[in-house]
Structures are given as C-alpha cells and as structure tokens.
Amino acid sequence: MYLWLDMLSRVLLSVILAAATAGLARAGATTPTLIVQAADPGLAIPGAQRLMTFSVAYDYANAIQADYDIELIVFQGSTFARYPISGAVRVGTSSALADGLSVVDLPALEAASSPAPASVQVVTIEPTRVTVTLPATFSSGSGATAVLAATVDEGVILSNPLAFNVP
C-alpha cells in the first residue's frame, strides 16, 4: 500500500512540476526585452523633417509578425509622437508626460493623440535600429526622451527612457 502511495505522490509531483515549468517557459517567451541604447541624428536635408535613428534591442521577429504591439514613443515636454511597428503614427500633447512616461500615462496619451502629419513617419525598422522623422513641434537643441513600449499578455512593458537632444 505504501509503495502505491509513494508512486502516486511521485506522479503528482511530476505533473505539478511539468505544469509549473511550462507556465514559466510560456511567460518568458512572451515578455520581450526592450532597450533604447542610443539616438543619432540623421543627415540634415533642407526643408525636410529631422531624422533620428534609435539603436534599440527588442524582439524584432515577433514584433514584425505582430505577435504583440510594440511602438517607439518620443516626447519632449508634453508633446509626443507614437511610432508603432505596424499602424499609423500618432501625435499629440498631454500633461501626463510632465514627470516622464509610465505605464499609467498610456491611456492619457491615447486619448490625446491624433493622426500625425505625413511628414512624421517611420522611415526604417530594422532588428537593431528604428529611424523616424520628428514632429516640427519639437524644439531643436532641447532635450527629448525615447521609450519602447510593448503590449503583451502580461500587460504593458516599457523600456528604459533614453534622453537625447533634438537636432
């Protein structure tokens, strides 16, 4: 009788461990690493918008395949631009950015955003960098911030904020 209980205990323990391990593996696979490493101005083209190239680290393959929503958010003061990997660029102003960007600010940005002018766009998306044109409302020489944001099953994840000077 004790042998039967011992075997049953081992089987139950194995099932519990397998379920826990599967859950951990699934969570790790859906929680991307997001890092904004550097910001470099592009070539100045007279009469054109200002280009910025951001060196980034993110799950490029899944982002491009739209397994989750990911966007680059650039803001200066209360003015912002949202550059989704897929979808239309949106711009706006929100006082929610007064103390920086946090996950709880995203609904306010969504409510305050509107379609961007055609001159504000994603130029290129690559595995290690994203190049965009900045809104004309961003002041040259002043500080701005860039953040990657991803919406996954677990919620919204923000990268580190990267401060940079607008060209």
Inset, instruction - Just subtract the alpha-carbon distance of GLU126 and THR33 from 0.36 nm times their residue separation and send over the number in nm, one decimal. - result: 31.9 nm
Legend entry - Spacing of the two label points (7 Å from each Cα toward its C-beta) at ASP99 and THR137, in nm: 2.3
Legend entry - Net charge contributed by nearby residues that have their C-beta within less than 10 Å of SER94 (K/R +1, D/E -1): -2
Inset, instruction - Report the GluC sites (Glu not before Pro) located in the range 62-161 that are in a DSSP loop and have at most 16 other Cβ atoms inside 10 Å of their Cβ, or state none. - result: GLU154
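Throughout, read-outs are computed from the coordinates displayed, never taken from laboratory work. Note that this is a predicted model, so its numbers are computed, not measured. Quick reminder, even Gly has a Cβ in these numbers, built from the backbone with ideal geometry, and neighbours come from all protein chains shown.
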